[in-house]
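The values are calculated or read from the model by the stated rules, or taken from the named source; none is laboratory data. Just so you know, these numbers come straight off a predicted model, no measurement behind them. In this analysis, Cβ positions are derived from the backbone assuming ideal geometry, glycine residues included, and neighbour counts consider all displayed protein chains. With ligands, DNA and RNA removed, areas are computed over all heavy atoms of the protein, side chains included. Shrake-Rupley method; radii C 1.70, N 1.55, O 1.52, S 1.80 Å.
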Amino acid sequence: MSNTTLTYYNQNAKAFSDSTLNVDMSALYAEFLPHVAQHGHILDAGCGSARDAAFFKAQGFTVSAFDASPELAELASSYLQQPVAVKTFQELDCVNQYDGIWCCASLLHVPKVELPQVFLNLQRALKPNGVLYVSFKYGDTERVHNGREFTDLNETALTHLLSHTQLKAIKQWQSVDQRPERESEVWLNALIKVVHVL
């Protein structure tokens, strides 16, 4: 995450967190959770407010979470009632640890040139039958918007990025933003698994 984007989240942590806590994510949970081992370990990567981590925890999953913004991580820790690490995707270095990794609207702040290595980090962190969920704003450009840097992806670009890994999208779909007055924004969603090479 660039310093510009990080500064934005640190300065607007409370407002950002409050604006996301009550968004209805049930349709996305319904896609992701059936692929996660029962009572498995889920990493909410780039957790923001920890809205999703808290939901997973309430469903009986073991949850870990991190965010690059110290201010957001502090708010998230309070909401989740457990420590939230301050970390970037580039610093993720664990192996075979998670049954599911949830990257909801978080990888989109990773510069496109760094995404191949980040996907390898995520691949390593997943257990062999684990599942990865990712979402990006739909498009094919890198841009700055309201003080934050975004990497937009479409299906072709995501498939190309994954071709450098052992990861494969088992499902890709588009959805509209669930936040009020953001319905015109389209998201690319994907469920991704490790392909075992024989």
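Observations on the model:
- Using distinct alpha-carbon pairs, which all enter the 1/r mean, Kirkwood radius of region 1-100 in Å: 13.9
- Under DSSP loop assignment and at most 15 Cβ neighbours within 10 Å, longest GluC sites (Glu not before Pro)-free interval of the chain: 1-180
- Annotation: Cα Rg of region 75-198 relative to the compact-globule expectation 2.2 N^0.38 Å equals 1.09.
- Using θ = phi - 60° in the Karplus curve 6.51 cos²θ - 1.76 cosθ + 1.60, the 3J(HN,Hα) couplings for region 138-145 round to 6, x, 9, 10, 9, 8, 10, 9 Hz; x is entered for Gly and Pro.
- Here the 3J(HN,Hα) profile of region 71-78, calculated from phi with Karplus coefficients 6.51, -1.76 and 1.60 at θ = phi - 60°, is 5, 5, 4, 5, 5, 5, 4, 5 Hz, Gly and Pro shown as x.
- Spacing of the two label points (7 Å from each Cα toward its C-beta) at ARG143 and HIS39, in nm: 4.7
- Extension gain, CYS94 to ASN129: 0.36 nm times the residue separation minus the Cα-Cα distance gives 11.0 nm.
- For the residue pairs LYS127/LYS171; LYS112/LYS193; LYS14/LYS171; LYS87/LYS112; LYS87/LYS127, the alpha carbons lie more than 26 Å apart in LYS14/LYS171.
- Rounded to the nearest whole Hz, the Karplus-based 3J(HN,Hα) values (6.51 cos²θ - 1.76 cosθ + 1.60, θ = phi - 60°) of region 38-49 follow the sequence 4, 6, x, 9, 10, 9, 8, 9, x, 6, x, 6, with x at glycine and proline.
- Helical runs (DSSP H, four residues minimum) scored at -39500 (n - 2.57) apiece and divided by the length of the chain put the mean residue ellipticity at 222 nm at -9000 deg cm²/dmol.
- Computed in the context of the full set of protein chains, the accessible area of the chain at 1.4 Å probe radius has 51% of its extent on carbon or sulfur.
- Extended-chain gain in nm, criterion 0.36 nm per residue less alpha-carbon gap, GLN11 and TYR29: 3.6 nm
- The residues of the chain expose on average 48 square angstrom of accessible surface per residue, using a 1.4 Å probe on protein heavy atoms.
- DSSP beta bridges in region 43-198 [antiparallel fraction, %, rounded to 5]: 60
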